[in-house]
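Just so it is clear, none of the values below were taken in a lab; they were calculated from the coordinates. Computed from a predicted model, the values in this text were never measured in an experiment. Quick reminder, even Gly has a Cβ in these numbers, built from the backbone with ideal geometry, and neighbours come from all protein chains shown.
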Amino acid sequence: MRRRGAVRSVALGAAALVVSGLLGACSGSDEDESAPKLRGEITFGVLAPLSGDMAERGQDLVDGAQLAAAELNDQGGVLGRQVRVVVEDGGCTAATGEQGATGLAAKKVVGMVGGLCEDAAVAAAKAVAASGTPFLVSSAPADRLIEAGVPSAFPMEATVYQEALAAVHWMGYRSTQQVAVLDDGSAAAQRLSGLVTDRIKADGLPVSRQSTDSPDLAKLAGTVTASKADFVYWTGAAEPGGRLVSALRHAGYTGHFMASSESDSPEFLKAAGGAAEDAFLTTAAGPKLLPTAADWAARFKDRYRRDPGRDAMQAYDALRALAQAVRQAGDTAPSKVVDNIPRLEDFTTFTGVLRFAADHSLTYDNYVIAQVRGGTFTLASKLRTD
Amino acid sequence: MKAKPLVAGAVALAAALAVQLGGAGAAFAAGPGSSPSDNSAHGGAVLEDVHNEPTTAVAGNVTFIDNVRGVSGYSALNFINYDKYGYDFMFANGTGGLAVWSLKDPKHPALVSKITAAELRLPGDTQDRFWEGENMTVDPKRKLVFLTRDPRGFGGTVSTGQSGVYIVDVKNPWKPEVVTFHPIPAGHTATCINDCKYLWSVGPANTGTPGQDPSWKGVPVRVTDIHDIKHPYTFDQAVDLGRHDGVTDYVHSVDVDKNGIAWASGEGGVRGYWTEGRHYDPVQKRNRVATAYDPVPYAGGTVVATNPAGTDFFDFFDHNAYHNTEKVGDFDKGELLYITNENITTCSRAGEFKIASLKGSYDGEGWRSTPENPFRLDLISHWSPWGKEGSATTGSCSAHWFTVNGNIVAQGWYGQGTRFIDVSDPRNPTQVGYFRVPAGQGVTGGSASAVYWHNGLVYVADYNRGVDVLRFDGKLAGAPDDKICWNSCDK
């Protein structure tokens, strides 16, 4: 799965499409006569790309939010009112994101979830900033959203810096003595490798950092092996990452190998072949990796006849978090809901407690450590002790 | 020694309970906004405080100067110097929460702000009672105070309560702000490690605390990365396991010496660890890089029991320790370890102050100790106030927290008050001063938790009285320390 920055350039048609209305009406649970009687409605907005290259992920996001709404209604709604979900096509550009958010605001939503493409999400957050509409951004990369500093926007993805922290903490668990950090020269990879290197240096561990865009990875592997590094971290793309671990093992490297979330892809496994076995990955937690999401994934599949993607899981958690903030506020006034988002009580996502720092970054991020076992990614550690 | 006048003449307090009003008459600190430029003698607005004159005190070689109450009694203090103001602030935590005093006039601390226990409550808490923050740690560079929350705080128990740390930003000491509460499966005390880039949280005793291995008898060291206080991270792997003859047990305190070695004290002894740099690991038998989360053993162990009526627990409960990195008497440089053995029992048998030699413990012996083949440090001496001048015969009398200046140990002893012990001859510790406050009409009886040398004065964190400001009038033995170690001497 390629996450960082990959969706930014995807364009969508000019018009944002209003595609959905009342969600409660399509919930199978409505047929349950024992369901609590709800009085009135509370409307949440969902922003997602619904056409173009990202449409499939966008629909996944919408489905996750719809499932959360249905389950909230089964459990008595929010403040005794039925949860209603309206969806706007936010596309993947700043213009479509702004247009989608404006459309949701016009529908008087109590809050918004969604946001998948970075440009669209940032523009959407800014578009509703004046009204203070709470916006839990479920899938878009967090860094630019945090830089934007919109008081009502809360990204539910971790920052690049937090991926660096995850990598360094995992190195700590492996009693690492010397680290080699390698990247492919791309801006994103260099940023991550720089953050990781600086953080390792701060702990006093010997570390080397090298960028390469050369297809000849055998030479690089030889250099790393000679350096006596016992932990290699690759922040570049998936396919060369797979070739790199293969070259390292071929050169006799016996230490740990870990790749960034860029390598959370079949391309990595294919390129590495058998050398991928035991390799670690820093990656954002998804339903396939998390045992805690298994029951939910089964419910999702039962409803939608397909496995949920990560966007569905994030949107599901985001809508529940928004509902919890409204419950705690006891009110739908935007300012009161926003005040409660950073201090949700007894609220957990599939990775653990959800809390936001003062800058609205996740206090406890959702990066986990995956490990290749039997040719597939498995969960090695949630890196959470909360 | 000769008993001296109790109250300094210049500080004749008018009443047993006097109220100090701020220069601006403010009932609530308005912030330093204006701070140093204010005309106030304390650098800014101050809050009302209570001063309790100890007219019943017994003292020798000690002058009482002032008492301040703040929000409650206290288990611990710490100090931060602010270049921008040109003086120190004192921080105390106890059942009432956090209190902050300006030490612009160090003899008369001025309360400038507070965070009450009620303000520290978390969802589910049933009481407004912080517990309890012994061995308080601070980051003097980033201006952070760490309030360690024991699971027994706020109405909890060791098995039901929430432990962890409140990270408090005190850049503006007039307006401390809780940055976050970070849950940690440990939390009786905590200590900054590696220039406060990590926190070692430890304790309490007993099993049943959430997140613990059921085979543990107490909570060992939990390591939290606090490079970035917005995103603290606690490692799932604990440190200082198998500390009591191979059994993982209660670590009560971590104290960092002047060489940067972190000494973990608790049930089963005192063991030192390198947390930075490359060192020989005598347990793994190889050179390796030490980190806060994977430290390298240095030396340590426990001493033989000295109490003929001891108990399995208290015999080896090394509550806190100080590794003297200097040469004392005819002992080698860095050989001596000063230890509090806490034992809450009758005064005649209460826990003592002990001095041990680290000789023979540098090759991992303390990490290989077993019940069948126990390793013990050489006990050089042990001391208690029992039968000494100025002592009580009843009450709670155990040794507790101390700090060292030169060769004078200033130590809290609960109801036995503050004791000044000259350890110039480590084989023969000698009392050279004391200050004890029995309860009386209008006088809050003392229960000294911790004693701090600070810029020529001595500040006592007292569980009942708040903070007493004292002056030691005896001769300071040994070379005065440029930097007093309050919990961490790290940089």
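Cα to Cα, under 17 Å, and not fewer than 8 places away if on the same chain: which aspartates and glutamates meet these conditions relative to B:Lys114? Cross-link targets: B:Glu48, B:Asp49, B:Asp88, B:Asp128, B:Glu132, B:Asp169, B:Glu177. Only bridges with both residues in segment B:300-397 count here: give the DSSP antiparallel percent, nearest 5. Within segment B:300-397, antiparallel bridges account for around 90 percent of the total.
Summary of the geometry: segment A:75-112 and segment B:219-249, compared by the centres of their Cα atoms, lie 44 Å apart. Each Lys and Arg adds +1 at its Cβ and each Asp and Glu adds -1 at its Cβ; summed about the Cα centre, segment B:70-238 shows a dipole of about 280 debye. Rounded to the nearest whole angstrom, the semi-axes of the ellipsoid equivalent to the protein assembly as shown, taken from the Cα gyration tensor as √(5λ), stand at 53, 34, 23, largest first. In terms of its Cα atoms, chain B spans 64, 53, 39 Å along the principal axes, sorted from long to short.
The ranking of A:Ser138, B:Ser113 from fewest to most other beta carbons within 10 Å of each one's beta carbon is B:Ser113, A:Ser138. Computed over neighbours whose Cβ is under 14 Å from that of B:Tyr280, the net charge equals +2, Lys and Arg +1, Asp and Glu -1. By other beta-carbon atoms within 10 Å, ranking A:Tyr161, A:Tyr304 with the fewest at the front produces A:Tyr304, A:Tyr161. The modelled label-to-label distance between B:Asp363 and B:Leu379, using points 7 Å beyond Cα along the C-beta direction, is 2.5 nm. The residues packed around B:Pro109, meaning those with a beta-carbon under 12 Å from its beta-carbon, carry a net charge of -2 if Lys and Arg are +1 and Asp and Glu are -1. Determine, at each q value in 0.06, 0.08, 0.12, 0.14 (inverse angstroms), the log₁₀ of I(q)/I(0) that the Debye formula gives when each Cα of chain A is one equal point scatterer. With one equal scatterer per Cα and no solvent, log10 I(q)/I(0) is -0.24, -0.42, -0.88, -1.13. The lysine pair tally for chain A, using Cα distances under 16 Å and a gap of 8 or more places or different chains, is 4. Electrostatic bookkeeping for A:Lys301 treats Lys and Arg as +1 and Asp and Glu as -1; over the other residues with beta carbon under 14 Å from its beta carbon, the sum is 0.
If R0 is taken as 25 Å, the Cβ-Cβ distance between B:Val50 and B:Thr345 corresponds to a FRET efficiency of 0.15. What the phi angles of segment B:439-444 give under the Karplus curve with 6.51, -1.76 and 1.60, with θ = phi - 60°, is a coupling list of 5, x, 4, x, 10, 7 Hz, glycine and proline written as x. Structure note, pairs B:Lys84/B:Lys104; B:Lys84/B:Lys141; B:Lys258/B:Lys483; B:Lys333/B:Lys359; B:Lys359/B:Lys475: Cα-Cα distances above 20 angstrom occur for B:Lys359/B:Lys475. Its Cα centre serving as origin, chain A has a Cβ charge dipole (Lys and Arg +1, Asp and Glu -1) of approximately 360 debye. Between amide H atoms placed 1.01 Å from N, distances below 5 Å from A:Tyr364 occur with A:Arg355, all of them 5 or more places distant or on a separate chain. Available extension along the chain between B:Asp228 and B:Ala305 is 23.5 nm, counting 0.36 nm per residue and deducting the alpha carbon span. Sorting A:Asp295, A:Asp203, A:Asp230 by the number of Cβ atoms found within 10 Å of their own Cβ, with the fewest placed first, yields A:Asp295, A:Asp230, A:Asp203. The modelled label-to-label distance for the pair A:Lys336/A:Tyr173, using points 7 Å beyond Cα in the direction of Cβ, is 4.2 nm. Note: relative contact order over chain B, using C-alpha pairs below 8 Å and six or more positions apart, is 13 percent.
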